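Shown next, in structure tokens, is the structure this report addresses.
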Amino acid sequence: MRVGVRILPSEHWKSARHAWRLADEMGFEHAWTYDHVAWRERMGSTWYAAMPTLAATAGVTERIQLGTLVSSPNFRHPVPFAKEIVTLDDLSDGRFILGLGAGSGGVDAEVTGNAPWSAAERSARFQEFVELTDKLLRTETTDHAGVPLCLSSSVGGGAGLNRSGSDGGSIP
């Protein structure tokens with residue numbers, strides 16, 4: 001049996017790093033953190049971003065797999081998100097696990113200032129988000145013209161998102 005742990009991104013790093021190290025030292029197979037703008041009962045309290053938290057965690061742990069619980073298209077665009085995934089996978093020496101979900105209502109859905117999406121809209125956006133993120137991670141170039149996500153140029157993917165734009169520039 002494989003056992004994992006969830007660690008909330010709600011503590012200052014000086015305290016949180018000890019929890020992540022302890023999970024690694026105790027032999028947990030994987031550790032997850034919420035990828036949300038805020039969390040229900042923690043509204044108004046300290047809440048850090050998942051990807052930088054996991055990047056810092058990669059530097060203080062050795063073997064435990066690290067994952068998002070869960071990332072959604074509510075407030076993420078696949079292009080910069082795919083770049084974060086590639087970077088985090090590199091920083092963790094391949095220990096990153098990507099957890100994806102369709103999202104729901106609440107602060108994550110409302111942070112962009114748009115009206116909350118219906119279940120059908122969330123489902124359609126999730127499908128497109130997963131398909132595009134997968135393409136960005138697996139292929140050298142990705143062209144996409146969908147609704148609501150649009151890329152007006154090719155974006156490098158499989159090689160660490162190393163190409164972008166019709167002018168031949170790269171994603172920094």
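Values in this text are rule-based calculations from the coordinates and carry no lab data. Since this is a predicted model, take the numbers as computed values, not measurements. In this analysis, Cβ positions are derived from the backbone assuming ideal geometry, glycine residues included, and neighbour counts consider all displayed protein chains.
Sort Tyr48, Tyr34 by Cβ crowding within 10 Å, fewest neighbours at the top.
By the 10 Å Cβ count, ascending: Tyr48, Tyr34.
Using a basic spin-label model with each label point 7 Å from the Cα along Cα→Cβ, how many nm lie between Ser15 and Met43?
Each label point is offset 7 Å from its Cα along the Cβ direction, giving 2.3 nm.
Once fully extended, how much extra length lies between Thr112 and Arg6, figured as 0.36 nm per residue of separation less the alpha-carbon to alpha-carbon distance?
35.5 nm
Please report, to one decimal in angstroms, the Kirkwood hydrodynamic radius of region 4-140 built from all distinct Cα-Cα pairs.
Evaluated over region 4-140, this radius sits at 15.6 Å.
Which cross-chain or sequence-distant (5 or more) residues have an amide H under 5 Å from the amide H of Gln65, H modelled 1.01 Å from N in plane?
His30, Ala31
Going 7 Å from the Cα of Val70 along its beta-carbon direction, which residues of region 107-148 have the amide nitrogen within less than 12 Å of the resulting point?
Taking a point 7 Å out along Cα→Cβ of Val70, the residues of region 107-148 whose backbone N falls under 12 Å are 123, 126-127, 130.
What ³J(HN,Hα) values, in whole Hz, does the Karplus curve 6.51 cos²θ - 1.76 cosθ + 1.60 give for region 78-86 when θ = phi - 60°, with x put for Gly and Pro?
For region 78-86, the Karplus-derived couplings read x, 5, x, 5, 4, 5, 5, 4, 4 Hz, x marking Gly and Pro.
Using θ = phi - 60° and the Karplus curve 6.51 cos²θ - 1.76 cosθ + 1.60, what whole-Hz ³J(HN,Hα) does each residue of region 29-45 get, with Gly and Pro shown as x?
So the J values, rounded to whole Hz, are 6, 8, 9, 10, 9, 5, 9, 9, 5, 7, 10, 2, 6, 9, 3, x, 9.
At R0 = 25 Å, how high is the FRET efficiency between Arg138 and Glu29 if r is their beta carbon distance? Nearest 0.05 is fine.
Calculated transfer efficiency: 0.50.
Calculate the spin-label point distance for Asp90 paired with Leu22, positioning each point 7 Å from the Cα along the beta-carbon direction, and give it in nanometres.
Inter-label distance under the simple model: 3.3 nm.
Per-residue HN-Hα couplings for region 108-121, Karplus 6.51 cos²θ - 1.76 cosθ + 1.60 at θ = phi - 60°, whole Hz, x for Gly and Pro?
Listing the rounded values in order: 4, 7, 9, 4, 7, x, 8, 5, x, 7, 6, 4, 5, 5 Hz.
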